[in-house]
Amino acid sequence: MTIESVAALLRDAKHVLVFTGAGVSAESGVPTFRSDANALWREVDIRNFAYPDGYRRNQPDAWRWYGQRAAKVREVMPNAAHEAIAEIERRVPEFLLVTQNIDNLHQRAGSKKVLELHGNLREARCFDCDARSPWVADPVCEACGGLLRPDVVMFEEELPAGAMEQAREAAESCDLLLSVGTSNLVWPATEVPRYALRSGADVVIINPDMSGQPTGLRVTYLKGAAGAILPELVRIAYANL
Ligand code: BV8
Ligand code: ZN
């Protein structure tokens, strides 16, 4: 299917679900996890930082690593892909953005209906009393003296209550799902496009690398960078509307 035919699907869609991963923020300068040279996981052994047991054992390095990531995502800017997704939300009758990203760039680009499956780096919270905290120098909870951690879902932690139910409900009722910039390696997030496929929605994959992507009769691939493809898709879909 060409970008023109995908644009026609988008223009006629009544209920759109956009599903994003780290690739949508790559052009903002936020390192992805797996796909590029400076991929995040190459720098550190994620077992020491992004799992609760490793995080507890590796203080203050793990706190500082997350603090640096939180600072980095505040410094960078949303890119044309984030802006195009916010435009789609304004144009379609029913919309939900389900993101695996924790960088807050979708919200900064104007997206309102955002479901963050893996939390976010906007603030920290206490392992023991759950109190919220700013990114202070040392990971010590002001309220109870407990250990502070980022407000994200680490590996082997449950997703926020109800998040996957809400994502599933949207995936099973949408008529079009756009999957942008994800390697589909992390479970249960990776189920979201599958729910849509099983319910007869059209699924469009936007990614320079098509390995590990869902397959099926109603799957279309637009190979390339999100920052190039999404603005073009929106321009064609909503031209002279
Ligand atoms: C859970 C926050 C129950 C933290 C993240 C064995 C097999 C299968 C699964 C498991 C297993 N063992 C355990 C599991 C479950 C595990 C899991 O999936 N592990 C994986 C690694 C195999 N999942 C969990 O633990 C989840 N919880 O299951 O609880 C449980 C309880 C106890 C024991 C077991 C299970 C919790 C998962 C949440 C983890 N937290 N983030 C942090 O960031 O520090 S996940 C992390 O990876 C990010 O959120 C990220 O979004 C996510 C997925 O990565 P992607 O977003 O896809 O990014 P990636 O770099 O991989 O890919 C980038 C893509 O962009 C590429 O395709 C690239 O081609 C593309 N791209 C690049 N440039 C561009 C582009 N696309 C477009 N434009 C561009 N310019
Ligand atoms: Zn506390």
Net charge (Lys, Arg +1; Asp, Glu -1) of residues whose beta-carbon lies under 14 Å from that of K14, K14 excluded, is -3
So, with points 7 Å from each Cα along the Cβ direction, the W187-Q166 label distance in nm works out to 2.4
Expected unfolding gain across D61-N48 under the 0.36 nm per residue rule, minus the alpha-carbon gap, is 3.8 nm
Within the set E123, E172, E142, GNM on the chain using Cα springs under 10 Å gives the largest fluctuation to E142
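Helix-only mean residue ellipticity at 222 nm, the chain, DSSP H runs n ≥ 4 weighted -39,500 (n - 2.57), per residue, nearest 500. What is it? Walk me through the intermediate numbers first.
Values: 10 runs with 86 residues, N = 241.
Result for the chain: -10000 deg cm²/dmol, rounded to the nearest 500.
How much length is gained on full extension from K112 to C129, taking 0.36 nm per residue of separation minus their Cα-Cα distance? Mind showing how you got there, number by number?
Numbers: separation 17, 0.36 × 17 = 6.12 nm, distance 2.91 nm.
Here the segment from K112 to C129 would lengthen by 3.2 nm.
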Its Cα gyration tensor gives the chain an equivalent ellipsoid whose semi-axes in whole Å, largest first, are 33, 17, 17
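Using unit Cβ charges (K, R positive; D, E negative) and no other charged atoms, how large, in debye to the nearest 20, is the dipole of the chain about its Cα centre? Mind dumping the intermediate values first?
Values: 26 positive and 32 negative charges, 60 e Å.
Using Cβ point charges on Lys, Arg, Asp and Glu, the chain gives about 280 debye.
On the protein heavy atoms, probe 1.4 angstrom, tell me the percent of accessible surface of the chain carried by carbon and sulfur.
Details: 5700 of 11080 Å².
Exposed carbon and sulfur together represent 51 percent of the surface.
For segment 120-234, take N as its residue count and report Rg(C-alpha) divided by 2.2 N^0.38 Å. Before the final figure, lay out each step's value.
Numbers: Rg = 18.5 Å, N = 115, 2.2 N^0.38 = 13.4 Å.
In units of the globular-protein estimate, segment 120-234 measures up at 1.38.
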Everything considered on the Cα gyration tensor (a ≥ b ≥ c; rounded for a/c under 1.5, else prolate if a/b is larger than b/c, else oblate), segment 1-132 must be described as prolate
Taking a probe of 1.4 Å and leaving out DNA, RNA and ligands, the chain shows per residue an accessible area in Å² of 46
So the angle from the long Cα axis of helix 80-91 to the longest Cα principal axis of the chain, reported in degrees to the nearest 10, equals 60
Place a point 7 Å from the Cα of Y238 in the direction of its beta carbon; the residues of segment 67-103 whose amide N falls under 19 Å from it are 78-98
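For the chain: lysine pairs with Cα atoms under 24 Å, gap of 8 or more or different chains, count?
Values: K14/K112; K14/K113; K72/K112; K72/K113.
Final tally of qualifying lysine pairs is 4.
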Expressed as a percent, the portion of alpha-carbon pairs in segment 49-122 spaced more than 19 Å apart is 44
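Given a Förster distance of 25 Å, report the FRET efficiency between T2 and V76 from their Cβ-Cβ distance, rounded to the nearest 0.05. Before the final figure, lay out the partial values.
On the way: r = 32 Å, r/R0 = 1.27.
Given R0 = 25 Å and the Cβ-Cβ separation, E is 0.20.
The values are calculated or read from the model by the stated rules, or taken from the named source; none is laboratory data. Owing to the predicted nature of the structure, the values given are computational and were not obtained by experimental measurement. Methodologically, a virtual Cβ is constructed for each residue, glycine included, from the backbone with ideal geometry; neighbour enumeration extends over all protein chains shown. The protein model used for the area step is the full one, side chains on, heavy atoms only, and it has no ligands, DNA or RNA in it. Shrake-Rupley method; radii C 1.70, N 1.55, O 1.52, S 1.80 Å.
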